[in-house]
Structure formats: structure tokens, C-alpha cells
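Report on the structure given below.
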Amino acid sequence: MNGSHKFGIVAGEKSGDILGASLMSAMMNYFPGAEFFGVGGSDMISLGCDSLCPIERLSVMGFIEPLRRLPELLSLKKKLQTKFLQERVSAFIGIDSPDFNLRLAKNLREKGFKTVHFVSPSVWAYRSGRVLGIKESIDLMLTLFPFEEDIYKKYHIQAECVGHPLADQLSMENRGLNDRKNLNISENETVIALMPGSRVDEINRLAPIFFETAIESLQRYPHLKFLIPFSNSETELLIKSVMGRMHILEGDQFRVIDDSHEALGASDFVFAASGTATLEALFLRKPMVICYKLASISYFIGSRMLKIPYVGLPNLLAKDRIVPEYLQNAVTRDALLAELDKFMADASSFSNVLIKFEQIHKELQGGASEKAACAIHKLVLEI
């Protein structure tokens with residue numbers, strides 16, 4: 001193909017930026033010289049994406065929180081739509097952020113543009129009636145997990161399970177000791193990764209509890225070290241602000257770093273917000289605790305619509321509660337300390353869980369970005 005292809009692409013947070021960059025890289029093999037416009041983070045921008053606004057502006061969660069930003073989000077949607085129409089993009093690719101991207105996709109599809117959504121909304125968890133709305137919005141759904149593909153096919157929506165790009169990128173074979181060496185951490189030290197999320201709202205809710213747990217744990221295990229990764233400059237400042245309020249000094253014992261994979265690779269145990277970080281921990285074979293905490297009214301609404309027994313991706317993929325997960329008011333210092341105590345008492349007791357992690361990891365491997373790029377190529381060229 002020549003270099004005439006242009007694509008609209010919108011990712012809404014750090015995990016979407018990682019997926020988007022991997023997809024863009026693979027698409028360039030099918031569409032040499034392709035141009036990308038939309039919203040992306042540092043990874044996508046480094047590959048040439050012309051981002052019309054900072055990716056952080058789309059990082060909202062819950063049912064109520066987006067309403068506070070509605071005028072800004074509507075203005076951005078209009079701006080993106082105008083840009084994509086001007087550029088006559090070959091296709092629009094929305095990555096996660098379904099409430100924003102699917103509305104934009106519907107408008108573009110009505111104007112004759114091909115539309116793709118990468119990362120299925122959690123229609124299997126709640127709001128299952130949305131499947132019919134999705135059918136009107138997209139030409140192709142690219143899913144990360146096998147069980148999602150079947151749901152769409154039942155409604156005659158073109159869908160393809162491509163697996164997860166991080167499953168191909170992350171493995172313990174090339175991490176662990178190297179990450180510790182890079183961070184100047186010795187093999188015999190016990191390291192805990194604290195991952196309160198990539199969104200401002202969830203960091204505000206989870207970081208204080210994570211740090212409270214860390215402070216108390218040092219009374220029992222004074223030699224523990226903590227790594228706290230951040231996703232961008234805004235979340236770095238927020239994490240450091242929370243630490244300051246709690247009188248935690250950044251230094252050898254508490255280190256704030258800009259690489260979540262390095263933090264996980266060097267860690268022994270993880271406290272993580274529900275989301276992509278839990279998959280990363282799974283791929284790197286790290287025992288973890290999953291935490292999920294929304295604004296009270298969002299949780300009130302969501303919990304009554306929820307149709308699944310778990311919120312953590314490792315548990316959903318295993319179809320079993322292989323990882324402890326704590327929701328809303330159950331996310332407490334004492335609950336998290338009890339989980340850490342179990343690990344400190346006998347780390348080897350987690351071996352069966354790590355075996356299950358390995359099985360899930362293998363199921364999700366297989367060239368996800370390449371498969372996604374190939375599917376988009378077929379759609380655009382109508383092969």
C-alpha cells in the first residue's frame with residue numbers, strides 16, 4: 001500500500017496508550033507511511049500520533065465522575081470528529097474508553113466511515129443491553145479475551161479475539177533480576193509494589209490506604225522496601241503529594257519510579273488497583289491483592305448492575321477467585337495487612353496460583369497487535 005492512509009485513533013489512559021502504540025507499530029507494516037490523528041499518550045506520540053489533547057483528559061471512571069467533565073468531553077468529541085472528517089480517515093480506531101469512543105464511532109459510522117473498537121467494554125459484567133448500541137457504532141470489535149468474542153458473535157457483530165499485546169511483551173525471563181539490578185536492589189530484599197492506579201480519582205481513593213498499610217507493615221517487617229510507579233507527571237505529583245501529607249519521605253525505602261513493568265519485575269508482592277496492572281502482575285508471576293474503590297454513588301449504581309462474581313481480571317480469566325480482591329469499604333489497612341502477613345509467613349504457598357498465572361499467560365499470547373493490525377487491514381481494504 002502507499003502512504004495515503006490516515007487513521008483516527010483515540011486512547012483514554014496509560015493502558016490504552018501502550019496498546020495503541022503497539023497497534024500503530026504493527027499497522028505501519030500494513031500501511032507504510034500511515035498517519036495517525038486523535039488522542040494518545042507519550043508512547044503513541046513517539047510513533048507519530050498527532051494528539052489533539054493530553055490523554056489524561058479522557059482518564060475518568062465510574063458513572064457520575066464523567067458528568068462533571070461533560071462539557072469538556074463533548075467539545076473534544078466535536079473537535080476530533082471535525083479533524084477526522086477533514087482528513088478523510090480510512091478508519092477510526094477507539095481504544096478502550098467506551099463511553100467516549102463508541103459515541104464518537106457511531107457519529108462517524110453514520111457518515112460512512114469504518115469504525116473499530118479495540119478492548120471490549122465490560123458488557124459481560126453489566127449494562128449488557130449496550131451490545132445493541134455497540135452494533136450500531138462499529139464495524140469491528142477487537143477483544144483481548146476469548147470469552148468476549150462469543151458474546152459479540154451471538155449478536156452478529158464482527159469480532160475477533162486477538163489476545164493481549166502485553167502477554168507477548170512481558171515475561172519473567174527478561175525481567176526480575178535485571179530490574180532489581182537497575183534499581184540497585186539486592187536479591188535478598190523483600191519488595192512490595194504499590195499500584196493505586198493511573199487515574200487521579202482512583203489514586204485519591206486508594207493511595208492513602210496503600211500507604212497506611214505500608215507504614216503499619218514496617219512495624220512488623222522493618223526491612224521492607226516499596227516501589228510506587230506513576231503513569232505521567234500529573235499522577236507523579238499526586239502520589240508524592242499523598243506521601244507528603246502522610247509524612248512519608250521519598251528515599252531508599254519508598255521509591256517513586258516511572259516504569260510500572262520495572263516496579264513489578266523487581267517486586268515480590270503487589271497491591272494493585274483493578275485494571276491492566278493486575279494483568280501485568282499476572283504476566284510477571286507476582287502474588288497480588290486487587291483493590292477496587294469508586295465514588296460512593298458510582299459504586300451504588302454499578303454494584304446493582306453487576307452480573308459477575310469477580311472484578312479482577314485474573315479471577316475472571318481463571319473463572320475462580322485465585323487472587324484476593326477487596327471492593328469499596330472492604331479496602332482497609334487491616335485487610336491488606338492480613339494478606340501481606342500471609343505472604344510473609346509463607347511465600348511458597350502461592351506456587352499453585354503462579355502456575356495458574358502461567359496457564360492464563362500462555363492462552364493470551366500469540367501476536368495480538370499483529371492480529372489486530374491484520375484485521376483492520378482486511379476491513380479497510382474490504383478483503
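The values are calculated or read from the model by the stated rules, or taken from the named source; none is laboratory data. Just so it is clear, the model here is predicted, and its values are computed rather than measured. Every residue, glycine among them, receives a Cβ derived from its backbone with ideal geometry; neighbour counts consider all protein chains shown.
Within region 359-383, the set of residues being aliphatic (A, V, I, L, M) and surrounded by 15 or more Cβ atoms within 10 Å (Cβ to Cβ) comprises ILE360, LEU364, ALA368, ALA372, ALA373, ALA375, ILE376, LEU379, VAL380. Listed by first and then second residue, the pairs linking a residue in region 9-20 that is touching a residue at least 40 places away in the same chain (Cβ under 8 Å) to a residue that is aromatic (Phe, Trp, Tyr), with Cβ atoms under 6 Å apart and 6 or more places separating them unless they lie on different chains, are ILE9/PHE36. Just the residues that are among the hydroxyl-bearing types (Ser, Thr, Tyr) and closer than 22 Å to VAL89 by Cβ, please, taken from region 351-383. Within region 351-383, SER369 is the sole residue that qualifies. Listed by position, the strands (runs of 3 or more DSSP E) contained in region 85-169 that have at least 1 residues being crowded, with 16+ Cβ neighbours inside 10 Å, out of contact with any Lys or Arg (no Cβ under 6 Å at 6 or more places or on another chain) and β-branched (Val, Ile, Thr) are 91-95, 115-118, 140-143. Check THR235, THR213 and return the single one that is over 21 Å from GLU13 (Cβ atoms) and in contact with a helix residue (DSSP H, G or I) (Cβ under 8 Å, 6 or more places away or on another chain). Criteria check complete, one pass: THR213.
Mind checking whether some residue in region 296-312 is crowded, with 18+ Cβ neighbours inside 10 Å, at pLDDT 85 or above and either in contact with a Ser or Thr (Cβ under 8 Å, 6 or more places away or on another chain) or among the acidic types (Asp, Glu) (or both)? Within region 296-312 (the criterion being crowded, with 18+ Cβ neighbours inside 10 Å, at pLDDT 85 or above and either in contact with a Ser or Thr (Cβ under 8 Å, 6 or more places away or on another chain) or among the acidic types (Asp, Glu) (or both)), the answer is yes, since at least one residue qualifies. Tell me yes or no: at least one residue of region 123-140 is in the same structural domain as SER90 (by TED's automatic domain parsing), at pLDDT 95 or above and over 23 Å from the mean Cα position of the chain (by Cα). Checking region 123-140: at least one residue is in the same structural domain as SER90 (by TED's automatic domain parsing), at pLDDT 95 or above and over 23 Å from the mean Cα position of the chain (by Cα).
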